[in-house]
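Report on one structure; see the data block that follows.
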Amino acid sequence: MKVEIVTALESAAWPVLLVNTEAVVVAANAAARDFFGVAMAGARPLLADFWPPENGCAVADFFVLWESSPTVSSDLKFRAPSGQLKNFCTAITSIADGSSRNFLLQLFLPSEIPLPAKKIVPNNSPTSPLLIQADGGTGDAVLKQKLDCVMQLARTVSLDMNNALTGVLAHTSRLLDKAEPGHPWRQSLLEVEKSSVRAAEISAELAVFSRKEKEPRQTPPGNLNSVVSRCADFFRNAHGEKFDWRLTQEPALFGSRFDEAKLQQALTKIFENAVESFAPGKGGLIAVETRNVELSAPSQDRNVSLAAGLYVCVGITDTGLGMAEEISTRVFEPFFTTKTPPHRGLGMALVYGIITNHGGGVAISSLPGQGTSVRVYLSAEKNFIRAAASPEQDLRGSETILVVDDEELVLAMAETILSEFGYKVLTASSGQGALAFLARPGVSVDMLITDLVMPGMGGRELVEHIRRAAIRVPVLCMSGYLMPAENKNGADYLQKPFTSRQLLSKVKVALSVNVKNQPA
């Protein structure tokens, strides 16, 4: 039996054990190793070593009884290294793998279970835990356990996908920057980039599903024109021969607060729908506009209520097939789609979630045969942020940067791209390794880039060590998870996966801000 299930639950707060039919512990997560201590470190630890007679039968007999009787109690005791017995409400799953069978045990403290479990009823599904009955209930406790497990699994898969996609997207975007418009490989590279962006969208959907709180809006004001231009250029390069493109941007656009990676993801989905809205083989116009909106009184745009104040508006209009009103009014519903598989109806629901989490709104108007217009509104401030410069020379530097990540692919990518643009790059695969670098005599770095989630010492702890040591360097944190709920260290943030230009731009901005803040 493979141990991927336990690996996926490695960070779960409750102990998880995978046990074979001989009651040998095949795998255990971190919480189980912490609770059972050194006894779990053996080559073939036996569940019997932690199984007290108070459970009423030998451990091998228990699984036989569990499979044959619906009255076997799930209220089990396990022995800690100190000898103390602790009660756990245990969710058990029988898992078949070819000719072998194993049991997945998830140990929950009674306080973690919303209903007092009195008995367990075997479920015939090989992949479902037992239904825990409580005073005639219908298994609400296990429903919560299942949801916790699925959310933990979704977070783990999303993190691993984003780490892998970071190298693919960064290297591909760098090659695209080098490839001339007529290069024979350019179209293939665009398809690779498009596939990477799509995979990142799927990963983001998993992350949004597994997240318990909404994203904070602690970012400084930015210029939305940069993000809109980047998205429009991507689709114009990929589909320029099919459509006429018109980009009209307000040169003095109000500043607005947004997470660049998330907003780019939302705009990408809107552009994708616009491109797909035309009949096969038919062309047309896609018009993109940014503008300032000043309202002295409340206003309404379709489903969006706008209070008096300042806004920036991004409008994306196509002359495609359009939609009937009964369809356009439902486009934000999760799983509603008029498209064929593999479309799942989550695209515009994700757009709605991202924009409303930013405190904004999305309005759609459409008529059959006349096209569709999507308008994104974000609250704004009456200060004008200059759009970031794009020439490559502006992204070059000569500073020394320490990059810390437990993924070798990410380290190799960062070293390749940053070195190409003139930076001296040091790498470390852990927080402890980074501190060892910084402790060497004569070693000086100008900037730290660190992953937030790493075994042992994570990025947050590393930054805290650096701050306590009064090492004054700018810090750029990156992660395959969504933006952290708090950013106490004042570090900038880069969401994985990212393009080479996003990495270089973040580095350049962080270093320039640090120079401005240095004492005269």
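The values are calculated or read from the model by the stated rules, or taken from the named source; none is laboratory data. All values derive from a computational prediction rather than experimental measurement. Ideal geometry is used to build each Cβ from the backbone, glycine not excepted, and the neighbour counts take in all protein chains shown.
Numbers at a glance
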| item | result |
| --- | --- |
| Qualifying residue in region 156-169 (condition: over 23 Å from Leu267 (Cβ atoms), touching a strand residue (DSSP E or B) at 6+ places or on another chain (Cβ under 9 Å) and at pLDDT below 75) | yes |
| Only listed residue being of a type in the set (D, E, K, R), modelled with pLDDT of 80 or more and touching a helix residue (DSSP H, G or I) at 6+ places or on another chain (Cβ under 8 Å), chosen from Glu250, Glu276, Glu205, Glu193 | Glu250 |
| Test: Leu452 is modelled with pLDDT under 90 and more than 24 Å from Ser256 (Cβ to Cβ) | yes |
| The listed residue being under 17 Å from Ala31 (Cβ atoms), touching a strand residue (DSSP E or B) at 6+ places or on another chain (Cβ under 8 Å), surrounded by 13 or more Cβ atoms within 10 Å (Cβ to Cβ) and modelled with pLDDT under 50, out of Ile113, Ile120 | Ile113 |
| Extreme residue, modelled with the lowest pLDDT, among residues of region 470-517 that are of a type in the set (Ser, Thr, Tyr) and in a helix (DSSP H, G or I) | Ser512 |
| All positions within region 306-337 that are among the aromatic types (Phe, Trp, Tyr) and at pLDDT below 90 | Phe332, Phe335, Phe336 |
